[in-house]
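The values are calculated or read from the model by the stated rules, or taken from the named source; none is laboratory data. The model shown is predicted, which means the values in this text are computed figures rather than measured ones. Please note: Cβ atoms are built from the backbone with ideal geometry, for glycine as well, and neighbour counts cover all protein chains shown. Heads up: the accessible areas ignore ligands, DNA and RNA and are worked out on the full protein's heavy atoms, side chains in. Shrake-Rupley method; radii C 1.70, N 1.55, O 1.52, S 1.80 Å.
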Amino acid sequence: MTAEDEALVALLHALKVRDYRFVTPTPDTHRKVLWRLFQGGRHSLRDIFGWNRPFRSGDIDSEILDLMRAGGVLAERGPRLSSRVRVASLGEDLFLHSAFPPRAKDAVFFGPDSYRFADFLRAELGPAQRIVDIGAGAGVGGIAAARVCPQAAIVLADINPQALRLARINAAAAVVSAEIVESDGLTKVIGPFDTAIANPPYLLGSGGRTYRDGGDLLGARLSLDWARAALARLPAGGRLLLYTGSAIVEGRDRLKAELEAVATDLGASLRYREIDPDVFGGMLLHPAYRRVDRIAAVGAVMENAGNASPA
């Protein structure tokens, strides 16, 4: 870790000591809250690191301010200061993620999907020796998995170097040992693993932002590609836990049908359920979604039955 990274680990520890907690909402909710008129008073840690509001040096104690400066996340414009990162809480863990709004192509997203993904893992994870979090982002899946399976080796893989940096810091702050791999899917992940977990991007027409763009098939392409790649590598009895979204078109769930075909091709079983029937409703205004009824958050558990030889 660099000195800046170590300062950010210390920042997360300092926030935890101060009992900092912030549940990160959708960007739409975040915008609505920021539009409200707040008058006078000092800004709290939740204002600074959760809502990502500008503040003045007197709003914050010197230790936090010094750690922000040492970590390279303090933006200074005269007396007006702001944080270049946000901090979310999930259970007892804190997660650095991108400042609001996360417009950059390499932005690192944390939001309601992160909480649903962690809940899905807690419900579905079983004993595991080595768990690979594909497209790890801020490291939510891998760290949540480590809480369920503390003896398992954790691999955090992502194509985005900025995501891997924050995942490394978040894992260190959570005292979770993790192997960090810069990889497009599983291409650079070396060695066997018995469990793969993934929360891939699943929206179409997202301006090339890696944390949102799921490719064609109305955003389902990346989910299918990762499912196929994981099942090809898993041993008999190995499992993929996939949390993603599916565009429901005229009552038909195409992702479910495509995953059933993948399972048949690769000799795997599939359990599939809707977790939330309606997410990212604003996307339905996009021309590509003109026939879409809704976008559902779904969970798929796929187990390699051993009919295919792992790569």
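Some notes on this structure:
- Residue within the stretch 48-61 that is crowded, with 18+ Cβ neighbours inside 10 Å, in contact with a strand residue (DSSP E or B) (Cβ under 9 Å, 6 or more places away or on another chain) and acidic (Asp, Glu) present: yes
- Matching residues, the stretch 278-287, being under 13 Å from Ile248 (Cα atoms), surrounded by fewer than 18 Cβ atoms within 10 Å (Cβ to Cβ) and not charged (D, E, K, R): Gly281, Leu284
- All positions within the stretch 69-103 that are open to solvent by 50 Å² or more (accessible area, probe 1.4 Å), under 21 Å from Arg31 (Cα atoms) and touching a residue at least 60 places away in the same chain (Cβ under 8 Å): Arg103
- Flag for Asp293 being in contact with a Lys or Arg (Cβ under 8 Å, 6 or more places away or on another chain), modelled with pLDDT of 95 or more and farther than 21 Å from Ile197 by Cα: no
- If you filter the stretch 189-209 down to residues that are in a loop (DSSP other than H, G, I, E, B) and in contact with a Phe, Trp or Tyr (Cβ under 9 Å, 6 or more places away or on another chain), you find that the one that is modelled with the lowest pLDDT is Arg209.
- Index of the failed condition, Met1 passing every other in (1) out of contact with any helix residue (DSSP H, G or I) (no Cβ under 6 Å at 6 or more places or on another chain); (2) at pLDDT 90 or above: (2)
- Of the strands (runs of 3 or more DSSP E) lying entirely inside the stretch 49-134, those carrying at least 1 residues that are over 17 Å from Ala163 (Cβ atoms) are 74-77, 80-83, 85-90, 130-134.
- Of the residues contained in the stretch 233-248, one or more are found to be open to solvent by 40 Å² or more (accessible area, probe 1.4 Å), touching a helix residue (DSSP H, G or I) at 6+ places or on another chain (Cβ under 9 Å) and either in a strand (DSSP E or B) or at pLDDT 95 or above (or both).
- Members of the stretch 121-135 that are surrounded by fewer than 15 Cβ atoms within 10 Å (Cβ to Cβ) and more than 10 Å from Arg239 (Cβ to Cβ): Arg122, Ala123, Pro127, Gln129
- Among (1) small (Gly, Ala, Ser); (2) open to solvent by less than 10 Å² (accessible area, probe 1.4 Å); (3) at pLDDT below 95 - the single one Ala118 does not satisfy: (3)
- Here Gly299 does not fit the description of being part of a loop (DSSP other than H, G, I, E, B) and open to solvent by less than 60 Å² (accessible area, probe 1.4 Å).
- Single residue of the stretch 147-188 satisfying the filter (within 17 Å of Ala7 (Cα to Cα) and part of a loop (DSSP other than H, G, I, E, B)) that is most open to solvent (accessible area, probe 1.4 Å): Val175
- Of note, Leu45 satisfies the criterion of being among the hydrophobic types (A, V, I, L, M, F, W, C) and open to solvent by 20 Å² or more (accessible area, probe 1.4 Å).
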